[in-house]
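Trainee: I'd like to ask some things about the structure below.
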Amino acid sequence: MSYYFSKTLRDISFDTAIEKTTAALKNEGFGILTEIDIKSTMKQKLDEDYNNYKILGACNPSFAHKALQAENKIGTMLPCNVIVRENDDYSIEVAAVDPVASMMGVENPSLAGIAEEVRSKLKNAISGL
């Protein structure tokens with residue numbers, strides 16, 4: 001089982017891809033809690049060059065609440081990470097963690113249904129780009 005799903009976008013700028021990804025996630029009930037700029041961080045901390053690469057910490061409050069009610073330490077796996085990264089050919093890959101794969105390591109059957117619903121919403125957002 002893969003731990004993520006993705007889509008490659010062509011003929012779109014990195015900034016536009018970030019905007020469209022954020023909007024698609026919003027349409028599925030997710031807000032962006034965090035944004036990590038890998039390119040900037042790697043340059044600043046290690047003087048290493050990277051293509052554009054951001055990690056968006058996406059959270060759907062309703063599902064986060066349900067998950068926290070079922071498993072009080074599930075916050076260690078939240079929010080759901082979505083990456084937007086520029087490939088060497090300037091195409092843009094958008095990928096999201098598969099919450100079902102993530103939950104396999106948690107021994108709590110009540111999380112399975114929640115993970116399936118979140119997976120569906122994340123897949124809808126990514127596939128709609």
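Every number in this text was worked out from the coordinates using simple rules, so none of it is lab data. Given the structure is predicted, the values throughout are model-derived calculations rather than measurements. Note: ideal-geometry Cβ built from the backbone for every residue, glycine included; neighbour counts use all protein chains shown.
Trainee: Using the per-residue mean of other Cβ atoms lying within 10 Å as a proxy for protection, in what order, highest first, do the peptides 46-53, 21-28, 109-116 fall?
Mentor: Ranked from most to least packed, the peptides come out as 21-28, 109-116, 46-53.
Trainee: Next up: Multiply the residue gap between residue 27 and residue 76 by 0.36 nm, knock off their C-alpha separation, and tell me the result in nm, one decimal place.
Mentor: 15.1 nm
Trainee: Taking Cα atoms, how many degrees apart are the long axis of helix 14-27 and the longest axis of the chain, rounded to 10 and kept between 0 and 90?
Mentor: Roughly 20 degrees between the two axes.
Trainee: So if we plug the beta-carbon distance of residue 89 and residue 2 into 1/(1 + (r/R0)^6) with R0 = 22 Å, what FRET efficiency do we get, rounded to 0.05?
Mentor: 0.50
Trainee: If you don't mind, another one. Take the cross-link list 26/123; 20/54; 20/43; 43/73; 39/66; 20/66 and give me the ones stretching past 24 Å between alpha-carbons.
Mentor: Pairs exceeding 24 Å: 20/43; 43/73; 39/66; 20/66.
Trainee: So, one more: Evaluate the charge dipole of the stretch 4-127 about its Cα centre and quote only its size in Debye, nearest 20, assuming +1 on the Cβ of each Lys and Arg and -1 on the Cβ of each Asp and Glu.
Mentor: Using only the charged Cβ atoms, the result is roughly 380 debye.
Trainee: Sticking with this one: Nearest 10 degrees, 0 to 90: what angle lies between the long axis of helix 61-70 and the longest principal axis of the chain (Cα atoms)?
Mentor: 40 degrees
Trainee: Sticking with this one: Could you give the length gained on full extension between residue 107 and residue 45, defined as 0.36 nm per residue of separation minus the Cα-Cα distance, in nm?
Mentor: Result: 18.6 nm gained on full extension.
Trainee: Among the trypsin sites (Lys or Arg not before Pro) within the stretch 37-129, which fall in a DSSP loop and have no more than 15 other Cβ atoms within 10 Å of their own Cβ?
Mentor: Answer by residue number: 73.
Trainee: If you don't mind, another one. Expressed in nm to one decimal, what extension gain is obtained for the pair residue 127 and residue 15 from 0.36 nm per residue of sequence separation less their Cα-Cα distance?
Mentor: Additional length available on full extension: 38.5 nm.
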